[in-house]
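Heads up: the structure comes next, in structure tokens.
The values are calculated or read from the model by the stated rules, or taken from the named source; none is laboratory data. Given the structure is predicted, the values throughout are model-derived calculations rather than measurements. As a convention, Cβ positions derive from the backbone with ideal geometry for all residues, glycine included, and neighbour counts pool all protein chains shown. The protein model used for the area step is the full one, side chains on, heavy atoms only, and it has no ligands, DNA or RNA in it. Shrake-Rupley method; radii C 1.70, N 1.55, O 1.52, S 1.80 Å.
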Amino acid sequence: MTAGASGSAWWGRVFARGTTGGNHTVVVLPGEPVGDPAALATALDVPDTAFVTSLAPGSVVLRTFSPVEELAQCLQTSLAVLTALDVPDRTPWHVRHERGEPLTVHREGPVTWAHQATTDPPVLEEAPWPGFVGADPAASTPPVIIRQARSRLHLSCADAGQLAAADIRAGDVLDLCARTRTSGLVLSAPDGPDSLRVRVFTTSLAGAEDSATGGAVLGVGTLAALAGRRGDLRVCQGPQDPARQGQLRLRVEADGSVLLGGEVTTLMTGRLATP
């Protein structure tokens, strides 16, 4: 199948609480070819637009674009595509991007869960603390880059209040990502016994803050699992305005495997007309 379509399309929110927060997401299903999917994603101007490039029973391949770049991997659209295809609950699907890691994804009512299909250990690289981040680092947890299709620099902060108040400039993020060969900056801090506060700044939004980033939060879960954490965690991501926050879930199994989940809410479906 071709990369994108001008036929059926799904529009919804991922990592929201009902119709509040999270990120608007579009999934374009197979149909007539789209000549320039990047231009279409820019015109739609939602954080992530996915184009189904291959579809078989139990398996789907995607290309995902933000308004400014193509993403090698996107958890947000990997969750959304199962709702767009109306896949039955608790039916595992293999979902991958053409340049990303394969995922196993399934629905459980309004929540969709994903985990990496490979069991390879994460590739970690320590890095210095960026001077422009005005928050105290957590003890004994140095900054670390998780190297993968979309590598990100993770900072563990000591205080959730400092993290929420930190003023991060997009230009500083883009410079840091260029130096470290990463696609985003991830700040996290404990915010209660089973809760985390997370903020993510990403090249896919030209260095700006993202309200909900599945791959980044999955990385937070991976680091928590390596530190010995098990069980379920609630994650609140984004700035201080609740309307711009994402609500994500992490589940760390007894063997240390990590699932990333979030609500997927349909807003509309129909035909997407393209020039």
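Structure data summary
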read-out	value
Residue list for the stretch 51-61, restricted to those being more than 12 Å from V26 (Cα to Cα) and touching a helix residue (DSSP H, G or I) at 6+ places or on another chain (Cβ under 8 Å)	V60
Search result, residues across the stretch 215-227 that are surrounded by fewer than 18 Cβ atoms within 10 Å (Cβ to Cβ) and either under 12 Å from the mean Cα position of the chain (by Cα) or not in a helix (DSSP H, G or I) (or both)	A227
Top-ranked residue in the stretch 156-165 [being more than 21 Å from the chain's Cα centre (by Cα) and small (G, A, S); ranked as farthest from A206 (Cα to Cα)]	A158
Residue among R234, R271, R230 that alone is in contact (Cβ under 8 Å) with a residue 60 or more places away in the chain, more than 15 Å from H154 (Cβ to Cβ) and surrounded by fewer than 23 Cβ atoms within 10 Å (Cβ to Cβ)	R271
Scope the stretch 90-106; condition open to solvent by less than 80 Å² (accessible area, probe 1.4 Å) and in a loop (DSSP other than H, G, I, E, B); matching residues	T91, G100, E101, P102
V258 vs. criteria closer than 27 Å to A84 by Cα, touching a helix residue (DSSP H, G or I) at 6+ places or on another chain (Cβ under 8 Å), among the β-branched types (V, I, T) and surrounded by 13 or more Cβ atoms within 10 Å (Cβ to Cβ)	yes
Of all residues making up the stretch 162-194, the number that are in a strand (DSSP E or B) and either among the hydrophobic types (A, V, I, L, M, F, W, C) or open to solvent by 40 Å² or more (accessible area, probe 1.4 Å) (or both)	5
Residue within the stretch 200-209 that is charged (D, E, K, R) and in a strand (DSSP E or B) present	yes
Residue within the stretch 71-81 that is under 18 Å from Q148 (Cβ atoms) and modelled with pLDDT under 95 present	no
Leading residue by the ranking (most open to solvent (accessible area, probe 1.4 Å)) among those in the stretch 114-140 that are without any contact (Cβ under 8 Å) to a residue 24 or more places away in the chain and under 13 Å from A158 (Cα atoms)	S140
Residues satisfying the stated conditions in the stretch 36-78, i.e. in contact (Cβ under 8 Å) with a residue 40 or more places away in the chain, open to solvent by 40 Å² or more (accessible area, probe 1.4 Å) and in a loop (DSSP other than H, G, I, E, B)	V68, E69
